[in-house]
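Structure record follows, encoded as structure tokens.
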Amino acid sequence: MLEKTGIPTPEQLEAIKPSKERLAKGPVAIVECFQEIPCDPCYTACNRGGFLPFEDINDLPRTDEEKCNGCSICVGFCPGLAVFIVDETYSDDEALVTIPWEFTRLPAEGSQVWGLDREGNEAARVTVKKVRKSAKKNGAHVITLMVPKDKAYDIRSISHKE
Ligand code: SF4
Ligand code: SF4
């Protein structure tokens, strides 16, 4: 499925989901990187040990969920736009989801937009909480969204459509 559509399987996504205990503690990185390619900016961007050392440059990245504090620095460093941050502790009804954004048109903070799922379908109305430049020169912007909690693992992009 991944090779044909670019969309991970439910099993692949479940395998990288942080533990319930870790999610209850606050924001944490989720890395949807499933193809062995020579790439490691996620690992080198993190100075907290949030990624386990690579034995080989082609290794799939693995996180240390206890060392990751969800700072989101790695989000803007990943050329594959594969790193997201989920914070389930934001409120009773909403989670914060932080995504990479490589387009020049930026959403306005406070605006309501459509949150899109991995297939590009409109999944829920979401609010843009924060828009930040990447810590990496010319890296993707980093956008934090307030999303309905039950969509925290579905929404991976946004549309400007009203
Ligand atoms: S979110 Fe921050 S602490 Fe966590 S892996 Fe990324 S850079 Fe490291
Ligand atoms: S930087 Fe992104 S694409 Fe490269 S290994 Fe890390 S998660 Fe995968």
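The values are calculated or read from the model by the stated rules, or taken from the named source; none is laboratory data. Everything numeric here is computed off the predicted structure, so don't read it as measured data. Cβ sites come from the backbone with ideal geometry, for glycine too, and all protein chains shown count toward neighbours. Heads up: the accessible areas ignore ligands, DNA and RNA and are worked out on the full protein's heavy atoms, side chains in. Shrake-Rupley method; radii C 1.70, N 1.55, O 1.52, S 1.80 Å.
In the range 1-131, carbon and sulfur make up what percent of the accessible area (probe 1.4 Å)?
Carbon and sulfur atoms account for 49 percent of the accessible area of the range 1-131.
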Approximate shape of the range 59-134 as ellipsoid semi-axes (Cα gyration tensor, √5λ), whole Å, largest first: 21, 17, 13
The simple spin-label model distance between E55 and F34, using points 7 Å out along Cα→Cβ, in nm, is 2.3
Please work out how much accessible surface E21 shows to a 1.4 Å probe, ignoring ligands, DNA and RNA, in Å² rounded to 10. 130
Mean separation of Cα pairs under 8 Å and 6+ residues apart, divided by the residue count of the chain: what relative contact order is that in percent? 20
Give, in whole angstrom and from largest to smallest, the semi-axes √(5λ) of the equivalent ellipsoid of the chain, with λ running over the eigenvalues of the Cα gyration tensor. 23, 17, 17
Per the Kirkwood formula over distinct C-alpha pairs, the hydrodynamic radius of the range 113-162 in angstrom is 11.4
